Amino acid sequence: MSSLPSPASPSRAVRRAALALAFAVATGAFVGSHPLSLMFWDPGRSRHWRELYVPDERPRQFAKIAGMIPPTARVASTDFVHPRYTHFERSYDYSDYPRRVAGYEDRVPDDTDYIVIDTRHPYSRIRSPDQVRELQREPYAWELLPDVTDGHFIVLKRR
C-alpha cells in the first residue's frame, strides 16, 4: 500500500496553503493601503486614498521655500523634506538621534549651512521656532528666516 494521498483528496500542504492564502486575503481586505482594502475607501481612516495620494497643504507650502536654499548648501532637515536635499552638497538628518558626523552629540554637524524643519509632520515634536534646540543653545549662530509657509516649515541659516 502506498503512503501517497489519492489524487481526489487534497494533501495537508495544499490545505495549509489554501488556509494561509485565505488569511492573507482577509487581512489585506481589512488592513491595507490598496484599492482592495476597506481602509482605502473609508474617508475616516488614515489610509484613505485621498490621504495617501492627493497632495495636501504641506507640499504646496514647501514649494515656497524650495528655492531659498542653494544646491551648494549643507542642509539638515526632517523626514518629509529630507529626500529633497539629498542631491545638495550635504544632506543631514535633523533628529534627536546621535550621529557620528555630529560627534554622537545632540546637534547638527558643524558644517551645516541650513536647517529645515517640517512642523506639521505627524511625528514632529517641533511646532514653533522657540522649540528649536539651535535657537535655544546658539541663538547667535543661527538666523531664523522669515516664515513664508504659514508655519508649516522653519528655516534657519547659519550666520
Which one of these is basic (K, R) and in contact with a Gly (Cβ under 9 Å, 6 or more places away or on another chain): R47, R99, R90, R12? R47
Would you mind stating whether F153 is closer than 16 Å to K64 by Cα and under 14 Å from the mean Cα position of the chain (by Cα)? no
Sort through P43, P35, P109 and tell me the only one that's farther than 23 Å from T149 by Cβ, in contact with a Lys or Arg (Cβ under 8 Å, 6 or more places away or on another chain), exposed (fewer than 11 other Cβ atoms within 10 Å of the Cβ) and not β-branched (V, I, T). P43
So D93 ticks every box in (1) of a type in the set (D, E); (2) more than 23 Å from T149 (Cα to Cα); (3) surrounded by 14 or more Cβ atoms within 10 Å (Cβ to Cβ) but one. Which box is left unticked? (2)
When restricted to R50, R58, R127, the only residue under 30 Å from M39 (Cα atoms), charged (D, E, K, R) and in a loop (DSSP other than H, G, I, E, B) is R127
So for the stretch 86-106 (the condition being in contact (Cβ under 8 Å) with a residue 24 or more places away in the chain and touching a helix residue (DSSP H, G or I) at 6+ places or on another chain (Cβ under 9 Å)), does at least one residue qualify? yes
I'm trying to understand the selection: among the residues of the stretch 131-142, which are touching a residue at least 12 places away in the same chain (Cβ under 8 Å) and either surrounded by 14 or more Cβ atoms within 10 Å (Cβ to Cβ) or under 24 Å from the mean Cα position of the chain (by Cα) (or both)? V132, R133, E134, L135, W142
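All of the numbers you see were taken from the coordinates with simple rules; none came from a lab. Worth saying up front: this structure is predicted, and the values here are computed from it rather than measured. When we count neighbours, we look across all protein chains shown, and the Cβ atoms used for this are built from the backbone with ideal geometry, even at glycine.
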